[in-house]
Amino acid sequence: AKELGRDGIVQFSSDMAASARRKLSRTDELRQALLRQELVLHFQPQVDVKKGRIVGAEALVRWNHPKEGLVLPGDFISLAEETGLIVPIGDWVLRTACLSAKAWQDQAIGPIRISVNVSARQFQETGLTETVATALKESGLHPMWLELELTESLIMKDLVGSVAKMHELEKLGVKLAVDDFGTGYSSLGALRRFPLSRLKIDRSFVENIPHDTDDMAITSAIISLAHKLGLEVIAEGVETEEQARFLIESGCDEIQGYLFGRPEPDTIFLAAITNCGR
Ligand code: C2E
Ligand code: CA
Ligand code: CA
Ligand code: CA
């Protein structure tokens, strides 16, 4: 039994070493990916319900891996976050997103908003405000067309710190949105302390429409309360006509999801807007 136990430990630690090695080489690969320009942004339309057209896009990063093909953020963002690589990656995302939005606007499709995800580490580290300011300046994009998406759990972690940071960003003239709203158990009242423009209702609520009457009640309550607090509301993960109809009837301002378009590369997104008759 003793032998077995020792073997067990040896086995365990060599597994750990192997996994640590894998992680190191994956980190290295990701660092190279950034330099070799293997990262790409895809853009998913955000549709204004009243205007009936695309008014914005969320920028979503992908890794165009030479051997593995298109790798989704779920497979590398947490490693990037853990190793700090998210900071240079986040810089790149911000710069690229602003440049794309400016280029679209210059191609006379009219004003369009770009939403960029900000991770915990990016938000907590100093320098984000400067990075955002630089991305705006270098692209020439007017700040009012840039929105930063911060998750509910992130901003609730350190209320005082988050409020201060968000005021810094707001002073630049950019918009701030709470991503994945409804998953962090914070009250809408708590959100009053933040300089926010809108809430993004998490897909987990949307996916249960029209089967879960509780989720539907919560969703429509969130929308009307948010409006009373002067916040706009967008719902994510809208896949069916039924979901869209319910959200529109509940007063949701904008909708994003496969029903209206999947995340697509720059040129395909641009073609989609042009076809929409903007
Ligand atoms: P998220 O911010 O909640 O982004 C929405 C995710 O839902 C995206 O997955 C999008 O492709 C997917 N989605 C959109 N519409 C639908 C739909 O109708 N149905 C379903 N089932 N899914 C839908 P994606 O692109 O794989 O991104 C996953 C997460 O990775 C994002 O979640 C975000 O947290 C993170 N992420 C993506 N890009 C970036 C980035 O540039 N920086 C940072 N820090 N995080 C990013
Ligand atoms: Ca998001
Ligand atoms: Ca989200
Ligand atoms: Ca989500």
Q. Where in region 118-208 are there helices (runs of 4 or more DSSP H), lying fully within it, with 3 or more residues that are away from ligand 4 (no atom under 14 Å from the Cβ) and not acidic (Asp, Glu)?
A. 120-124, 128-139, 152-157, 159-171, 188-191
**Q.** All positions within region 221-265 that are buried (at least 17 other Cβ atoms within 10 Å of the Cβ) and more than 14 Å from ligand 1 (Cβ to nearest atom)
**A.** ILE222, ILE223, ALA226, LEU231, GLU232, VAL233, PHE246, SER250, CYS252, ASP253
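Conditions tested, residue by residue: (1) more than 16 Å from ligand 2 (Cβ to nearest atom); (2) at pLDDT 95 or above.
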| residue | (1), (2) |
| --- | --- |
| ARG198 | no, yes |
| ILE201 | no, yes |
| ILE209 | yes, yes |
| ASP214 | yes, no |
| ILE223 | yes, yes |
| HIS227 | yes, yes |
| VAL233 | no, yes |
| GLU239 | yes, yes |
| GLU242 | yes, yes |
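Looking at LEU72, LEU60, which is the one that is within 22 Å of PHE260 (Cα to Cα), within 16 Å of ligand 4 (Cβ to nearest atom) and surrounded by 15 or more Cβ atoms within 10 Å (Cβ to Cβ)? Outline the logic, then answer.
On the way: LEU72 fails: surrounded by 15 or more Cβ atoms within 10 Å (Cβ to Cβ).
Only one candidate passes the filter, namely LEU60.
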Q) Among (1) more than 30 Å from ASN275 (Cβ to Cβ); (2) more than 16 Å from ligand 3 (Cβ to nearest atom); (3) under 19 Å from the mean Cα position of the chain (by Cα); (4) of a type in the set (A, V, I, L, M, F, W, C), which single condition is LEU188 missing? A) (3)
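Considering only region 244-278, state which residues are part of a loop (DSSP other than H, G, I, E, B) and touching a residue at least 40 places away in the same chain (Cβ under 8 Å). Even if it seems obvious, please write down each step before you answer.
Filtering region 244-278 for residues part of a loop (DSSP other than H, G, I, E, B) gives 250-253, 256-263, 276-278.
Answer for region 244-278, where residues must be part of a loop (DSSP other than H, G, I, E, B) and touching a residue at least 40 places away in the same chain (Cβ under 8 Å): CYS252, ASP253, GLN256, GLY257, PHE260, GLY261, ARG262, PRO263, CYS276, GLY277, ARG278.
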Q: Return the residue satisfying two criteria in turn: it lies in region 209-230 and is in a loop (DSSP other than H, G, I, E, B) and among the aliphatic types (A, V, I, L, M), and of such residues it is farthest from ligand 3 (Cβ to nearest atom).
A: LEU229
Q | Where a residue in region 228-243 is closer than 21 Å to ARG53 by Cβ and its partner, wherever it lies, is of a type in the set (D, E, K, R) and within 13 Å of ligand 4 (Cβ to nearest atom), with Cβ under 7 Å and at least six apart | A | ILE234/LYS200; GLU236/LYS200; GLU236/ASP202; GLU236/ARG203; GLY237/ARG203; GLY237/GLU207
**Q.** Subset tally (residues that are out of contact with any Ser or Thr (no Cβ under 9 Å at 6 or more places or on another chain), of a type in the set (Gly, Ala, Ser) and in a strand (DSSP E or B)) for region 47-106
**A.** 1
Q | Residue that is nearest to ligand 3 (Cβ to nearest atom) [pool: residues in region 153-180 that are touching a helix residue (DSSP H, G or I) at 6+ places or on another chain (Cβ under 6 Å) and more than 23 Å from ILE112 (Cα to Cα)] | A | LEU154
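The values are calculated or read from the model by the stated rules, or taken from the named source; none is laboratory data. The model shown is predicted, which means the values in this text are computed figures rather than measured ones. FYI the Cβ positions are ideal-geometry reconstructions off the backbone, even for glycines, and counts take in every protein chain you see.
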